Amino acid sequence: MSTAVAEKAALREGAFGHAKGLSCRECGHQVGLGPFYACPECFGPLEIAYDFPQVTRAEIEAGPRNIWRYKALLPVPSDIEQSPNTEPGFTRLLEARNLARELGLAKLWVKDDSTNPTNSFKDRVVACALSAARELHATVFACPSTGNLANAVAAAGARAGIKTVVFIPSNLEKPKQVNSAVFTEQLVAVNGTYDDVNKLASEIAGEEDGWAFVNVNVRPYYAEGSKTLGYEIAEQLGWRLPDQIVIPVASGSQLTKVDKAFQELVKLGLVEDKPYKVYGAQATGCSPVSTAWKNDAPAIRPVKPDTIAKSLAIGNPADGIYVLDICKRSGGAVEDITDEQVREGIVLLARTEGIFTETAGGTTVGVLKKLVETGQLDPELETVVINTGHGLKTLDAVADSVGPAATIEPTYAAFTQTGLAQTGRAEA
Amino acid sequence: MTVSVRVPTILRTYTSGESEVSAAGTTLAEVLDDLDASYSGIKGRILDDNGELRRFVNVYVGNDDVRFLDNLETPTPDGTQISVIPAVAGG
């Protein structure tokens, strides 16, 4: 959306809650609240600066069972619940005893964001972006996406009654295409990688009036939605921080925002300050951040992605450099695994905990396993992993790895020949 | 060698609001020099103090990110489309 739109239409009082402006993460340059995302001085990322009020645990706990229980900490108006949205968040935090035993961990939790309205964590960020689009009087709600975001934008736009246009790489998994197209008539498949789609979106955002691209020109508002993952994990642990957390890395935004959430909770006195380690997970076929980590490089060298973990296939990650900073500061690491290990991670989580995750979650679980095996992660400390999306979206990834143990005629004799009858007896 | 340069919103204060301008040069470095001659100061926004591309700027020659090509030495044949785009998008 051009600057002209924001100037033409005045912002209402409290449109962005307790947000007081935008601040460049690199140089600190200040910009007023509006559809701006890159620092006019250095191109660095603009972030929301707040003037937080006193917030208590009781106030949060009295809120709705969705992300708006944290609305005082987000760039949204105080009447946010009154406007139609998908009401995402407050997803389950499951103790993963079987997976912990399998990996030799003392205590492990899975934050399962596959149960959001469109089955990924993207509903959180999109809800915040939708609020910004509404307050900035945008007429089109749009995004470049690796799939999950397209699903979330298309659905949220439908519910809010705002026109949506979503752009995806044309080679995306079929279920993710259908999951967007069902909500919008304007799904645009682009011949190219996600990074090509992203470039196109940035160009459109610079030219077309009234377009709110959730992860381009309203990205500062959008990205804040990922903080709610951090808030929820702390609240669901009984208002305390975990010892360590493993988070998948695509652009790196989610990891940086979960860290920001933990820091804010400490500053607001809602949790006790304590050390925690942050780990990033990538697939080897798109591992620019992990590569930079292992080489101790000062910058991220972009790559051309080639991995089944398409929702993590961002070759030029906008927040990659901050992932390096956070993992270094906290004593964590960034690690990557092969596509075969991604598949194994999906099946491992499914077979041990009954959670069907998509390739990004397979990456996270697989990296957790590798971190334990390589001694980079302390198995005695309490660990959280984030499952960012549902496995039904990436069925193809494991379609050839799992299937019927036997195909038989409907007779008892045929069944006994499979040897499966022994299964129950052995356990009896 | 005349090329067309797409200017991001935040640099249009230098180009009197123009989103697309012409420049000359056989490499990206030369194009940026020529651009700076026409729009004084614009090069300093795209390059850092060491003369390298700023961390949060992506420059494309045609459809390709110059970090995959020869960075500032990337050739810019006549008629090439160059795009300067903030890098902090996506995800």
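A:Gly147 - would you say it is of a type in the set (Gly, Ala, Ser) and over 18 Å from the mean Cα position of the chain (by Cα)?
For A:Gly147, the condition - of a type in the set (Gly, Ala, Ser) and over 18 Å from the mean Cα position of the chain (by Cα) - is not met.
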Of the residues in the stretch B:69-90, those that are of a type in the set (Gly, Ala, Ser), open to solvent by 10 Å² or more (accessible area, probe 1.4 Å) and within 14 Å of chain A (Cβ to nearest Cβ) number 1
For the stretch B:1-17, check the following and say yes or no: at least one residue is surrounded by 14 or more Cβ atoms within 10 Å (Cβ to Cβ), under 19 Å from B:Gly79 (Cα atoms) and in contact with a Leu (Cβ under 6 Å, 6 or more places away or on another chain).
no
Number of the exception - A:Ser311 against (1) in contact (Cβ under 8 Å) with a residue 40 or more places away in the chain; (2) at positive phi; (3) small (Gly, Ala, Ser); (4) open to solvent by 10 Å² or more (accessible area, probe 1.4 Å)
(2)
Residue in the stretch A:184-198 that is nearest to B:Gly91 (Cα to Cα), counting only those that are within 12 Å of another protein chain (Cβ to nearest Cβ) and open to solvent by 20 Å² or more (accessible area, probe 1.4 Å)
A:Asp195
For a quick check of your reading of the model, give me the residue pairs whose first member lies in the stretch B:2-25 and is farther than 22 Å from A:Cys42 by Cα and within 14 Å of another protein chain (Cβ to nearest Cβ), whose second is open to solvent by 60 Å² or more (accessible area, probe 1.4 Å) and assigned to a strand (DSSP E or B), with beta-carbon atoms closer than 7 Å and at least 6 apart or on different chains.
B:Ser4/B:Glu20; B:Ser4/B:Ser22; B:Ser4/B:Gln81
Residue by residue through the stretch A:283-300, note down the ones that are within 13 Å of another protein chain (Cβ to nearest Cβ) and under 18 Å from A:Asn148 (Cα atoms).
A:Cys286
Filter the stretch A:18-36 for residues that are in a loop (DSSP other than H, G, I, E, B) and open to solvent by less than 30 Å² (accessible area, probe 1.4 Å); the one that is farthest from the other protein chains (Cβ to nearest Cβ) is A:Gly34
Among residues of the stretch A:237-257, those that are more than 14 Å from chain B (Cβ to nearest Cβ), hydrophobic (A, V, I, L, M, F, W, C) and either farther than 16 Å from A:Glu272 by Cβ or part of a strand (DSSP E or B) (or both), counted
2
If we take the stretch A:360-428, then helices (runs of 4 or more DSSP H) inside it with 3 or more residues that are in contact (Cβ under 8 Å) with a residue 24 or more places away in the chain are A:395-399
State all residues of the stretch B:39-91 that are in contact with a helix residue (DSSP H, G or I) (Cβ under 9 Å, 6 or more places away or on another chain), closer than 18 Å to A:Pro302 by Cβ and among the charged types (D, E, K, R); if no residue qualifies, say none.
B:Glu52, B:Arg54, B:Arg55, B:Asp65, B:Asp70, B:Glu73
Could you go through the stretch B:40-49 and let me know if any residue there is of a type in the set (Ser, Thr, Tyr) and open to solvent by less than 70 Å² (accessible area, probe 1.4 Å).
no
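So how many residues does the stretch A:280-295 have that are touching a strand residue (DSSP E or B) at 6+ places or on another chain (Cβ under 7 Å) and surrounded by fewer than 20 Cβ atoms within 10 Å (Cβ to Cβ)?
1
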Scanning the stretch A:202-222 for residues that are more than 7 Å from chain B (Cβ to nearest Cβ), in a helix (DSSP H, G or I) and surrounded by 19 or more Cβ atoms within 10 Å (Cβ to Cβ) gives A:Ala205, A:Pro220, A:Tyr221, A:Tyr222
Six or more apart or on different chains, Cβ atoms under 8 Å: show the pairs whose first residue is in the stretch A:183-203 and free of Cβ contacts under 8 Å to residues at least 12 places away in the same chain and whose second is open to solvent by 50 Å² or more (accessible area, probe 1.4 Å).
A:Lys199/B:Asn63; A:Glu203/B:Arg6
In the stretch A:301-335, what residues are more than 19 Å from A:Val197 (Cα to Cα), within 14 Å of another protein chain (Cβ to nearest Cβ) and of a type in the set (A, V, I, L, M, F, W, C)?
A:Ile321, A:Val323, A:Leu324
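The values are calculated or read from the model by the stated rules, or taken from the named source; none is laboratory data. The structure presented is a predicted model; accordingly, all values stated were derived computationally and were not measured. Cβ coordinates were reconstructed from backbone atoms using ideal geometry, including for glycine residues, and neighbour counts include every protein chain displayed. Heavy atoms of the whole protein, side chains included, go into the accessibility calculation; ligands, DNA and RNA do not. Shrake-Rupley method; radii C 1.70, N 1.55, O 1.52, S 1.80 Å.
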